[in-house]
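First up is the structure itself, then whatever we jot down about it.
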Amino acid sequence: MKLDRTDRRILAAMQRNARISNLELAELVGLSPTPCSRRVKRLEESGLIRGHVTLLDQSRLGLKLTAYIGISMDRHTPDRFQAFEEQVMSFPEVMECSVVTGQAADYLLKVVVADMEYYEKFLLGKLTRIPGVTGVHSSFELRRVIQRTELPLEHIDDRTVL
């Protein structure tokens, strides 16, 4: 699939505001509504647009603590990693989970909770009970400097095939 300038403009606009109406989007990117709607549908069907979300204010919801947790595993086997990943997917506190390299941890988790008391319950009651977890290293966010949800699109040009 090739993305042209109009596709990139549609993606950029929808990242800024997923609730934009098709009419507003069409005007913004210089199309009439029907072709604009067709392009959005094509981008959704291709999987480039995975979904539409509503961003909530974490702090106003009382979720004051963000932790970045490095997890070390006892064995580096596919079954051990799969079991860990399935378990952490079920924890609503885990916002992100990545397999990492270049440090002592095997996984890096981003966890959002109300406070340190809740974090302790999460850590001792859920995370350390997963079979194979041998090490946990927690770092806590003091202040968020940047939080983006928009992916950069500048690297895509008319020759890029996705």
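The values are calculated or read from the model by the stated rules, or taken from the named source; none is laboratory data. Computed from a predicted model, the values in this text were never measured in an experiment. For neighbour counting, all protein chains shown are included, and Cβ atoms are generated from backbone atoms with ideal geometry for every residue, glycine included.
Residues of the range 114-132 that are of a type in the set (V, I, T) and assigned to a loop (DSSP other than H, G, I, E, B): I130 alone.
When residues in the range 1-12 are screened for being in a loop (DSSP other than H, G, I, E, B) and either touching a helix residue (DSSP H, G or I) at 6+ places or on another chain (Cβ under 6 Å) or under 17 Å from G51 (Cα atoms) (or both), 1 of them pass.
Based on this model, can you work out whether T34 counts as in the same structural domain as I20 (by TED's automatic domain parsing), out of contact with any Cys (no Cβ under 6 Å at 6 or more places or on another chain) and either of a type in the set (S, T, Y) or outside any strand (DSSP E or B) (or both)? Yes, satisfied. Please verify whether the range 54-70 includes one or more residues that are assigned to a helix (DSSP H, G or I) and surrounded by 12 or more Cβ atoms within 10 Å (Cβ to Cβ). Within the range 54-70 (the criterion being assigned to a helix (DSSP H, G or I) and surrounded by 12 or more Cβ atoms within 10 Å (Cβ to Cβ)), the answer is no, since none of the residues qualifies.
Cβ-Cβ below 7 Å, separation at least six or inter-chain, first residue in the range 53-72 and closer than 11 Å to E141 by Cβ and modelled with pLDDT of 95 or more, second assigned to a strand (DSSP E or B) and β-branched (V, I, T): which pairs? Within 7 Å, the pairs are Q58/V112; L65/V113; T66/V112; A67/V111. Determine which member of the set V111, V88 is among the aliphatic types (A, V, I, L, M) and assigned to a strand (DSSP E or B). Going through V111, V88 in turn, just one is among the aliphatic types (A, V, I, L, M) and assigned to a strand (DSSP E or B): V111. Annotation: I146 fulfils all but one of (1) of a type in the set (A, V, I, L, M); (2) without any contact (Cβ under 8 Å) to a residue 24 or more places away in the chain; (3) over 30 Å from D7 (Cα atoms); the unmet one is (3).
Of the candidates R39, R9, R5, R80, the single residue that is farther than 28 Å from F140 by Cα, touching a residue at least 40 places away in the same chain (Cβ under 8 Å) and surrounded by 11 or more Cβ atoms within 10 Å (Cβ to Cβ) is R5.
In summary, I20 fulfils each of the numbered conditions (1) outside the structural domain of V113 (by TED's automatic domain parsing); (2) within 30 Å of E120 (Cα to Cα); (3) at pLDDT 95 or above with the single exception of condition (2). With respect to Q15, determine if the residue is assigned by TED's automatic domain parsing to the domain that holds L123, surrounded by fewer than 16 Cβ atoms within 10 Å (Cβ to Cβ) and either modelled with pLDDT under 95 or assigned to a helix (DSSP H, G or I) (or both). Considered against the rule, which asks whether it is assigned by TED's automatic domain parsing to the domain that holds L123, surrounded by fewer than 16 Cβ atoms within 10 Å (Cβ to Cβ) and either modelled with pLDDT under 95 or assigned to a helix (DSSP H, G or I) (or both), Q15 comes out as no.
Output the residue which, of all residues in the range 18-29 that are out of contact with any His (no Cβ under 6 Å at 6 or more places or on another chain) and within 14 Å of E44 (Cβ to Cβ), is surrounded by the fewest Cβ atoms within 10 Å (Cβ to Cβ). Per the criteria, the residue is N22.
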